[in-house]
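Read through the structure below, which is laid out as structure tokens, and then see the notes.
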Amino acid sequence: MSDVKVNSKSLIDQLRNPDVFYTNFYDIMIKDRHKHGEKSLDSNWISDHFLDSLRIVSGNQPVFNFPATLSKLIYLLYFTRRRLEDTSEIYIFDPCGGWFGRQTGLMAAFCMPTFEEIKVHYHCTDVNTMTAGRPEMLHKFWDFYINSRIGTDFDLYRSFAPAERIFDDKFFQDMIGKYDFAFTSPPYFTNEKYSEDENQSYLLYKTYPEWRDGFLKGMIKNTYDLLKPGAQFWLNIADVNTNKGNQQYYPLQNDSVRLAKECGFEHIDTYYMTQHPFPGNESTKNIIKILEKEKKFEPIFLFQKR
């Protein structure tokens, strides 16, 4: 994950260029650029702050993995309200599996009493071939070490079809109108370059209008078609800076809501996912005040299929 390019460079890119790394190292350690050393009584500050300082001097931020704990909470809240005792199995779709934090949260929720005697079908797709076998590895680990019910009552299917062309995978052609719930966090246009696979959306759609109309609209429309009437779609997405030095942002949030409504979704609610502050975190302009402290957040939109 540290090698994923965010705004065209990754944290590990510094390690590939010795001149850049040693210059940054000297600036951080010898010059004590961020004044950590002078406040420290021992050398522990090096491990505590060096990586953060590298992010600052490189202008880099780490790639985001959706928190598994928050994913677990969302699944528990939603399915508890649905009174799962009346349901024997549920179908869940994630059109952008990412690093599978949402899958991990779902498996954690699956271990709770809410999901007792319920069979879960978790189907996802992601074009990143570097994650091949990873969701299956998580599934196998959970089954062996945590809850053996995963092996019998948690059905996993992972596809590599692009979300905007999900029906290229014949598996999903038979799933139209069958899913109870969809939950995802898609790529933020060119802000995060997860891999160089040919079907990555930032490679297929070079401009923002092309990406919006080609990837974002297609992903939302396909998700709508796969859901049952009355099913919910939770979408985490945020505006991103154009990186043109003018504090302008691509309107991913407004466009997502508009496109979802055009497909037939009803916008039910918006939740705020606050973020821990970390160096280089400039991906969102959203600010909320909590207990007199300003925190950055990303919205999670809640849509329902009519």
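Worth a mention:
- Wholly within the stretch 202-278, helices (runs of 4 or more DSSP H) carrying at least 2 residues that are buried (at least 20 other Cβ atoms within 10 Å of the Cβ): 217-226, 252-263
- Some residue of the stretch 16-24 being at pLDDT 75 or above, part of a loop (DSSP other than H, G, I, E, B) and within 31 Å of the chain's Cα centre (by Cα): yes
- Within the stretch 118-156, being assigned to a loop (DSSP other than H, G, I, E, B), surrounded by 17 or more Cβ atoms within 10 Å (Cβ to Cβ) and under 22 Å from the mean Cα position of the chain (by Cα) holds for ASP126, VAL127, ASN128.
- Top-ranked residue in the stretch 79-105 [being out of contact with any Asp or Glu (no Cβ under 9 Å at 6 or more places or on another chain) and part of a helix (DSSP H, G or I); ranked as farthest from VAL4 (Cα to Cα)]: ASP86
The values are calculated or read from the model by the stated rules, or taken from the named source; none is laboratory data. Model, not experiment: these values are computed from the prediction. Virtual Cβ from ideal backbone geometry, glycine too; neighbours counted across all protein chains shown.
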